[in-house]
Amino acid sequence: MRRGFITRPWLWIGGSLAAMAVLGLALWNPMKPKAPRGDLVLFCAAGLLRPVQEICADYEKQYAVKVRIEPDASGTLLSKIRIAPDCADLFLAAEEFYVREARSQGLVAEVFPVARQQLVIGVKPGNPKKIAAVADLLREDVTVALPNPEAAAVGEAAKRALVLSGEWEALQRQMRDFPAKVSLVGRVTEAAQAVKIGTTDAAIVWDATARQFELEMVEVSTFRQQPPELVTLGVLVGSSNPTGALNFARYLTASDRGEPVFKKHYLEPLDDADRWEDRPRLILMAGAMLKPAIDGLVKSFEQREGVEINRIYGGCGIHVASMKAMKKGEAVSAAEHFPDAYFACDVSFMNNVQQWFEASKVISRNDMVLAVPKGNPKQIKSIEDLTRPELCVGLGHPKNSALGALTDELLKKLSLHDRVYAPDRNPPVIHTDAGHMLVNQMRTGALDVVVVYRSNVLSAAEVAKTPLEIVEMNLPEAKAIQPYAVAKDSQHKYLMRRLLDAILSPRSHEHFTKEGFQWLADGEPNAR
């Protein structure tokens, strides 16, 4: 038997391959997380340490990524970041003021809302000193611990509320004149612990912190009149691993990962937090004219975030029809699901589907122009020349594209529609679903004049073998306004809002302008 096996090498090879295949199947697990992405450093507000430790432990167990937590007061952490911008990857502050301040100073790139918490007065169970209002903190028989407003988020928030109510000056006077009665501490946890062990009678803390330390909460009107503070996470510009940091940030804020842990530790979770996916697959529908302005930006965004964004460019009429069909349960689109965001060629098309999207944000304007071959051999001077029967005219499809619909509307308003579409016209008007297709046809010599967007001509100019000229229409109606909106039922609304932030960036502004758009996102009049 042994000799026979050796003389048949294919049996040995086949057996080895089979064994390797079995071993490979045993080791391969399609659900197994990817290789470690690199350890992270998280600067964490001290009062949030307990839930964050639990979330980090879960993340490390699932993805083999160690998140080193450095807890301290939010203001103290911000000071450290100012001194050494690359000292951490993430910054979790007890209120958004600190992250927004860091972002305004160029220290934070992306911002994630996390949860909410409210200011309260924490006292020992039973409230032995019968504290019912801020004024009670000024009584001679009451000692108070106040987190330092210069360092701790809770102190800063309390100071703002007390200044508004007119009570801050009296408390500040107590701190100055009777330091043993009103003492400043560095962290909210220190203030809560002082009440818990009985070294002070009361402390201004977060409601979540009071519950974590088993204190009784006194909800005074001064603090109830203020909205809850928003716990906020920032990905630092100085992070050496931004994609890994963003992955963890999405995990920490996910509705089915970090948010339930924050809720367990008494913080108020967000109602619309994103669902967790290690590598989400998202869909962005956008007008074809927007591709030159946003395609590179979206690609950079998805690489940094570690996500996949399927960009579907096309005529907005087709997009709208597709979305309406999907809402009826009809599968008529190349999209896997209803888009997570829509970047429309014109507000008129956004209006047709606005009920399925959050409030839209106007980004840019694109003027409609006449494009002709270099030298303008047919001597075309205005939109009225489209009525000349000898010209080969190209227009956007009036139903499939925003360009065509706007052109059709403009021709009717100018009483030119019937003459442009005269029954005996030869050759007839050529229609396409997008302006860049008309430009391509003109480059081949098939058309004499087309109505397109300015960006269609300028985007093609760099690669065109046959240069084109623009004939201005100079008509107030000859323009399209481009809005962006996030779908209400998207499972990743915050992620797509971060894409909007990227679209609103100065770099994006510069690129839009270069491609022939006019920037409206900063409040410039849209002339509509």
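Nothing in this text is a laboratory measurement; each read-out follows from the coordinates by a stated rule. Small disclaimer: the values here were computed from a predicted structure and weren't measured. Note that we place each Cβ from the backbone using ideal geometry, even for glycine, and neighbour counts take in every protein chain shown.
Numbers at a glance
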item	result
Cα shape, region 393-528, gyration tensor, a/c 1.5 rule	prolate
Percent of alpha-carbon pairs separated by more than 15 Å within region 119-224	56 percent
Ranked list, fewest to most other Cβ atoms within 10 Å of each Cβ, for 168, 519	519, 168
Relative packing of 129-135, 265-271, which averages over residues the other C-beta atoms within 10 Å, highest first	265-271, 129-135
Lysines whose Cα lies under 26 Å from that of residue 381, excluding same-chain neighbours fewer than 8 positions away	412, 413, 465, 479, 514
Average Cα contact separation per residue, region 119-224, under 8 Å, 6 or more apart, as relative contact order %	48 percent
Estimated FRET transfer efficiency (residue 376, residue 100; beta-carbon r; R0 45 Å; 0.05)	0.30
Peptides ranked, highest mean first, by Cβ atoms within 10 Å: ranges 213-225, 236-248	236-248, 213-225
Separation between Cα centres of region 298-362 and region 400-471, rounded to whole Å	25 Å
For the chain, share of DSSP beta bridges that run antiparallel, in % to the nearest 5	60 percent
Where only C-alpha atoms are counted, convex hull volume of region 201-353 per residue in Å³	190 Å³
Cα-Cα P(r), region 279-528, percent of pairs per 5 Å interval	1, 6, 14, 18, 18, 15, 12, 8, 5, 2, 1, 0
Cross-link reach list, aspartates and glutamates versus residue 61, counting only Cα pairs under 17 Å and skipping chain neighbours closer than eight places	39, 256, 277, 278
Alpha-carbon centroid distance for the pair region 38-88 / region 191-249, whole angstrom	15 Å
Cα gyration tensor of the chain - equivalent ellipsoid semi-axes, whole Å, descending	56, 36, 19
Virtual spin-label span in nm between residue 224 and residue 501, 7 Å along Cα→Cβ	3.4 nm
Gained length - residue 64 relative to residue 80, 0.36 nm times residue gap less alpha-carbon distance	3.0 nm
Two-decimal Rg/Rh across region 69-171, once Rg and the Kirkwood Rh are taken from alpha-carbon atoms	1.05
Residue 57-residue 278 pseudo-label distance in nm [points 7 Å out on the Cα-to-Cβ vector]	2.2 nm
Rounded to 10°, Cα long-axis angle of helix 153-165 versus longest principal axis of the chain	90 degrees
Eligible lysines near residue 327 by straight Cα distance, threshold 25 Å, same-chain separation 8 or greater	361, 399, 488, 493
R0 of 56 Å, Cβ-Cβ distance residue 255-residue 474: FRET efficiency to nearest 0.05	0.65
The chain, relative contact order [Cα under 8 Å, separation at least 6], %	14 percent
Pairwise centroid distance, computed over Cα atoms, of region 261-290 with region 367-388, Å	47 Å
For region 67-186: lysine pairs under 28 Å (alpha-carbon distance), excluding those fewer than 8 apart on one chain	8
Which of 141, 89 has the fewest Cβ neighbours within 10 Å, and the rest in rising order	141, 89
Contact order normalised by residue count of region 367-521, Cα under 8 Å, 6+ apart, percent	32 percent
Computed lengthening from residue 243 to residue 165, 0.36 nm per intervening residue step minus Cα-Cα distance	23.7 nm
Calculated FRET efficiency for the pair residue 139/residue 304, C-beta based, R₀ 60 Å, to 0.05	0.65
